[in-house]
Every structure is written in structure tokens, then in C-alpha cells.
Amino acid sequence: MTLAQGTIRRVWIESGCIACGWCTDLVPTIFVVGGGKACVIAASARKDGSRGANRREKSPLKHALTGADADFLGFVADGCPVKVIKLDE
């Protein structure tokens, strides 16, 4: 997934995560397994410092991803078997 300007500022996880480990294995700095056995966005990656799916808050990442990092995150989102990882510019 390549965004128009190649920048990812927000990442969230919609309902339905099966905690397969795909995202947590590939990008452990952003994704972690939460207490409810679903993946969440790490507090250390979010600007608001909260840990969670980031579904409602849509808190930006502490550092926007660009170039190859943004492309790789797009690859991870595209590879999610239940397609619940969402990205935004």
C-alpha cells in the first residue's frame, strides 16, 4: 500500500484482530499484543502515549513514517489476514 505522498501519520486496528502475530513480528516498535489477545498500537509509538487499538482516538504516531518505512508498513497492513490494520496520511 503506497499512500499518495508516501507518509503515514496514523495507524489503528479495527475490530476483528485475531492476534496472529504478523504485525507484531514485523514491526514490534508499533504493534504489540494487548491484554485482550488482540494486537494494539504501542504507547511508545503514539503521540498521546496511550496503548490501544487507536480506533476512536486516531492518535498520530510520535514520528510520521516516510519512504521505505511507510512502504513497509503498507506491506504489513496489506498482509494482515483479516485486513484490520488501517493507515492514514
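The values are calculated or read from the model by the stated rules, or taken from the named source; none is laboratory data. In this text, all values refer to a predicted model and were calculated from it rather than measured experimentally. For neighbour counting, all protein chains shown are included, and Cβ atoms are generated from backbone atoms with ideal geometry for every residue, glycine included.
Remarks
- Any hit, segment 29-51, residues being under 11 Å from the mean Cα position of the chain (by Cα), among the polar types (S, T, N, Q) and within 15 Å of S15 (Cβ to Cβ): no
- Per-region count, segment 40-57, residues exposed (fewer than 13 other Cβ atoms within 10 Å of the Cβ) and within 15 Å of D88 (Cα to Cα): 1
- Residues that are on the phi > 0 side of the Ramachandran plot and not polar (S, T, N, Q) within segment 53-74 comprise K58, G67, listed in sequence order.
- Within segment 21-34, the only residue that satisfies the criterion of being among the small types (G, A, S) and surrounded by 14 or more Cβ atoms within 10 Å (Cβ to Cβ) is G34.
- Total residues in segment 44-58 satisfying the condition of being among the polar types (S, T, N, Q) and more than 18 Å from V84 (Cα to Cα): the figure is 2.
- Check on I18, touching a residue at least 12 places away in the same chain (Cβ under 8 Å) and crowded, with 18+ Cβ neighbours inside 10 Å: no
- As a summary of the residue check, K37 satisfies the conditions (1) at pLDDT below 95; (2) surrounded by 15 or more Cβ atoms within 10 Å (Cβ to Cβ); (3) on the phi > 0 side of the Ramachandran plot except for the one numbered (2).
- Every residue from segment 62-89 that is in a strand (DSSP E or B), surrounded by fewer than 18 Cβ atoms within 10 Å (Cβ to Cβ), of a type outside the set (D, E) and touching a strand residue (DSSP E or B) at 6+ places or on another chain (Cβ under 9 Å): K62, A64, T66, K86
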